[in-house]
Amino acid sequence: MYLYFIMKRVVNVQSVHDYNTVIGIETLHPLVSVVDFSKAKPEPNPGIDFISFEFYAVFLKHGKHCTIRYGRNYYDYQDGTLIFIAPGQVVNIEEDGEDYQPEGYAMLFHPDMLFGTSLAKKMKEYSFFSYDIHEALHISLRERQIVLDCFSKISQELNQSLDRHSNSLIVSNIELFLGYCARFYDRQFISRNNINKGISEKFEALLHDYFQTDKPQVLGPPSVKYCAEQLHLSPNYFGDLIKKKTGKSAQEQIHSKVIDVAKERIFDSTKSISEIAYELGFKYPHHFSRFFKQRVGYSPNAYRTLS
């Protein structure tokens, strides 16, 4: 895998052209590139590098020459795997110690490419750009061919004379590719059920245990980020997985748990509403009262009288 160059330093890759220059690929468009690594120049092994990209990057790997690490997690980057990297993310690459001719493909596109397009507004929907490396997309042979077809269409546009239609056609094909990836991730949530098995149950147990401790008073109500970290998942992957399995967002389930615990404690007439609010992690009782009324239809005091 070709993600690149100065040993044991954080290297900021500012542009698509910078990346192409390092791997010996001609830049056909300053904001977008499709890379066939078999045509890149072979390089000596550089050791461990930390790389920060200032553009979107998607890598489809052949061969098993390297391992990617993102944060504390390693991912054995095998054949048939897509890795998505968003601008500002930092990854490091550990090579296998040998010089080699890289294999596989990449699509790179700068955020500036999307200015004024409908895709610019939709990029936040493609949450897989914020997944951790170990949450990569594993694709079938049929899906791999679809990916390569999308790359080929973009490459064809780049290899002919640019005209007033070029950018819109390139962006349309990028959007088509991302749409397919969203579909493939939906399939993966189902087909890799054994790996994801028990996440929703662990989430429920985590929320239950949270309110049996003093964590709400110390940390506040549980957040999606906190729950994801406890389950060793990225917040976006965790949220998408829970939504796919339950039909409700992780935030909605957290709110439901807070309400359930609140209702239970409101029945205890020895506690004031303010005490209950603090026990649940609300800094101000009126914030709790507003939260409760918005979801139950009654204020905590009114709900207590109903019981």
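Summary table
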quantity: Selection within the stretch 167-182 - without any contact (Cβ under 8 Å) to a residue 40 or more places away in the chain and over 13 Å from Phe109 (Cα atoms); calculated: Leu169, Leu176, Gly179, Tyr180
quantity: Pair list, Cβ < 8 Å and 6+ apart or interchain, from the stretch 260-281 residues that are within 13 Å of Ala302 (Cα to Cα) and in the same structural domain as Ser299 (by TED's automatic domain parsing) to residues that are among the small types (Gly, Ala, Ser) and surrounded by 17 or more Cβ atoms within 10 Å (Cβ to Cβ); calculated: Ile273/Ser289
quantity: Sole residue being under 19 Å from Val90 (Cβ atoms), modelled with pLDDT under 90, in the same structural domain as Tyr105 (by TED's automatic domain parsing) and crowded, with 16+ Cβ neighbours inside 10 Å, chosen from Ile68, Ile48; calculated: Ile68
quantity: Residue in the stretch 1-19 that is surrounded by the most Cβ atoms within 10 Å (Cβ to Cβ), counting only those that are at pLDDT 85 or above and under 19 Å from Gln89 (Cβ atoms); calculated: Val16
quantity: Tally, over the stretch 126-150, of residues that are touching a strand residue (DSSP E or B) at 6+ places or on another chain (Cβ under 9 Å), outside any loop (DSSP other than H, G, I, E, B) and among the small types (Gly, Ala, Ser); calculated: 1
quantity: Condition check for Ala40: modelled with pLDDT of 70 or more, small (Gly, Ala, Ser) and surrounded by fewer than 18 Cβ atoms within 10 Å (Cβ to Cβ); calculated: no
quantity: Subset of the stretch 133-144 [over 17 Å from Ala106 (Cβ atoms) and buried (at least 20 other Cβ atoms within 10 Å of the Cβ)]; calculated: Glu135
quantity: Hey, Gln89 out of contact with any His (no Cβ under 9 Å at 6 or more places or on another chain), in the same structural domain as Glu157 (by TED's automatic domain parsing) and at pLDDT below 90 or not; calculated: yes
quantity: Helices (runs of 4 or more DSSP H) contained entirely in the stretch 151-234, each with at least 2 residues that are of a type in the set (D, E, K, R); calculated: 166-191, 199-210, 224-230
quantity: Enumeration of residues in the stretch 145-188 that are surrounded by 16 or more Cβ atoms within 10 Å (Cβ to Cβ) and charged (D, E, K, R); calculated: Lys153, Glu157, Glu175
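Here is a yes/no grid of residues against (1) surrounded by fewer than 17 Cβ atoms within 10 Å (Cβ to Cβ); (2) in contact with a helix residue (DSSP H, G or I) (Cβ under 8 Å, 6 or more places away or on another chain):
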{"position": "Leu207", "(1), (2)": "no, yes"}
{"position": "Thr213", "(1), (2)": "yes, no"}
{"position": "Pro221", "(1), (2)": "no, yes"}
{"position": "Gln251", "(1), (2)": "yes, yes"}
{"position": "Gly281", "(1), (2)": "no, yes"}
{"position": "Pro285", "(1), (2)": "yes, yes"}
{"position": "Tyr303", "(1), (2)": "no, yes"}
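The values are calculated or read from the model by the stated rules, or taken from the named source; none is laboratory data. The model shown is predicted, which means the values in this text are computed figures rather than measured ones. Glycine also receives a Cβ, built like all others from the backbone with ideal geometry; neighbour counts cover every protein chain displayed.
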